Amino acid sequence: MVDQEKIKEGVRLILEGIGEDPGREGLKETPDRIARMYEEIFEGIGRDASDHLSKRFTAPDNGIVLEKDIVFYSMCEHHLLPFYGKAHVAYIPDGSVVGLSKLARTVEVFAKRPQLQERMTSEIAEAIMTELSPKGVMVLVEAEHMCMTMRGVRKPGSKTVTVKCLGQFREERLQDRFYEMLRRGE
């Protein structure tokens with residue numbers, strides 16, 4: 001649960017710290033808006049991905065399941081600036097599958113908390129591996145980090161790509177198949 005009063009006070013202090021007047025017309029409601037926004041963008045804190053992955057369906061073994069282009073927004077834990085992009089999640093079922101929306105919801109659970117992209121990629125893969133017990137999982141996350149594009153090195157458009165392979169996806173031929181599916185739009 002987000003402590004909105006602490007956030008509001010913190011925002012007021014930041015505004016004062018940068019030389020602004022938190023009481024001026026355009027900023028009066030900013031602490032309240034930010035407190036409500038933080039409640040929304042950090043709603044993954046304390047949530048468990050297993051809630052989304054627990055309902056499974058029996059399915060014949062039919063190869064790789066890929067949910068690609070899952071758009072996400074997260075916050076870098078180092079600067080509390082956004083990073084955003086797409087996650088591509090694949091697994092090889094071992095007798096059961098989940099609804100495709102559940103993969104996107106799993107991404108959201110981990111994206112909606114202060115995060116490192118590298119850790120988020122691993123957390124998504126490990127949650128799917130733990131909950132579904134598939135033959136393998138592969139997760140690729142590509143994102144643009146505002147801490148690199150609007151400050152610091154200031155390189156807009158640069159993307160960071162992270163990959164986690166578990167189980168049979170440690171085999172190069174299956175990784176190649178994953179990348180081929182991404183390119184072809186399968």
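Could you tell me which numbered condition residue 137 fails, if it satisfies all but one of (1) farther than 26 Å from residue 183 by Cα; (2) aliphatic (A, V, I, L, M); (3) assigned to a strand (DSSP E or B)?
Tallying (1) farther than 26 Å from residue 183 by Cα; (2) aliphatic (A, V, I, L, M); (3) assigned to a strand (DSSP E or B), residue 137 fails exactly one: (1).
Does residue 128 satisfy the criteria of being in a helix (DSSP H, G or I), touching a Pro at 6+ places or on another chain (Cβ under 8 Å), open to solvent by less than 20 Å² (accessible area, probe 1.4 Å) and not charged (D, E, K, R)?
yes
Determine whether residue 71 is under 22 Å from the mean Cα position of the chain (by Cα), β-branched (Val, Ile, Thr) and open to solvent by 70 Å² or more (accessible area, probe 1.4 Å).
Considered against the rule, which asks whether it is under 22 Å from the mean Cα position of the chain (by Cα), β-branched (Val, Ile, Thr) and open to solvent by 70 Å² or more (accessible area, probe 1.4 Å), residue 71 comes out as yes.
Considering each residue of the stretch 6-18, count those that are free of Cβ contacts under 8 Å to residues at least 12 places away in the same chain and over 26 Å from the mean Cα position of the chain (by Cα), and give that number.
5
What pairs come out if I take residues in the stretch 162-184 that are farther than 16 Å from residue 124 by Cβ and pair them with residues that are assigned to a helix (DSSP H, G or I) and open to solvent by less than 40 Å² (accessible area, probe 1.4 Å) whose C-beta lies under 7 Å away, six or more apart or interchain?
Here the result reads 168/174; 175/169, each pair linking the stretch 162-184 to a residue that is assigned to a helix (DSSP H, G or I) and open to solvent by less than 40 Å² (accessible area, probe 1.4 Å).
Is the stretch 170-177 home to any residue that is under 18 Å from residue 87 (Cα atoms) and surrounded by fewer than 12 Cβ atoms within 10 Å (Cβ to Cβ)?
Within the stretch 170-177, one or more residues are under 18 Å from residue 87 (Cα atoms) and surrounded by fewer than 12 Cβ atoms within 10 Å (Cβ to Cβ).
Quick test for you: out of 10, 26, pick the one residue that is among the small types (Gly, Ala, Ser) and in a helix (DSSP H, G or I).
Exactly one residue qualifies, and that residue is 10.
What's the number of the condition residue 153 fails, among (1) under 26 Å from residue 59 (Cβ atoms); (2) among the β-branched types (Val, Ile, Thr); (3) not in a helix (DSSP H, G or I)?
Tallying (1) under 26 Å from residue 59 (Cβ atoms); (2) among the β-branched types (Val, Ile, Thr); (3) not in a helix (DSSP H, G or I), residue 153 fails exactly one: (1).
Could you tell me which residue of the stretch 77-105 is surrounded by the most Cβ atoms within 10 Å (Cβ to Cβ), considering only residues that are under 23 Å from residue 37 (Cα atoms) and of a type in the set (D, E, K, R)?
Taking the candidates together, the pick is 105.
Among (1) touching a helix residue (DSSP H, G or I) at 6+ places or on another chain (Cβ under 9 Å); (2) more than 26 Å from residue 48 (Cβ to Cβ); (3) in a strand (DSSP E or B), where does residue 144 come up short?
(1)
Which one is nearest to residue 78 (Cα to Cα), of the residues in the stretch 156-174 that are part of a helix (DSSP H, G or I) and touching a helix residue (DSSP H, G or I) at 6+ places or on another chain (Cβ under 9 Å)?
Only one residue fits best here, namely 169.
List the residue pairs whose Cβ atoms are under 7 Å apart, where the first residue sits in the stretch 19-47 and is farther than 18 Å from residue 107 by Cα and free of Cβ contacts under 8 Å to residues at least 24 places away in the same chain, the second is open to solvent by 40 Å² or more (accessible area, probe 1.4 Å) and not hydroxyl-bearing (Ser, Thr, Tyr), and the two are 6 or more positions apart or on different chains.
What qualifies is 22/12; 22/16; 27/20; 27/21.
The values are calculated or read from the model by the stated rules, or taken from the named source; none is laboratory data. Everything numeric here is computed off the predicted structure, so don't read it as measured data. Glycine gets a Cβ as well: all are built from the backbone with ideal geometry, and neighbour counts include every protein chain shown. Just so you know, the surface numbers come from the protein's heavy atoms only, side chains and all, with ligands and any DNA or RNA stripped out. Shrake-Rupley method; radii C 1.70, N 1.55, O 1.52, S 1.80 Å.
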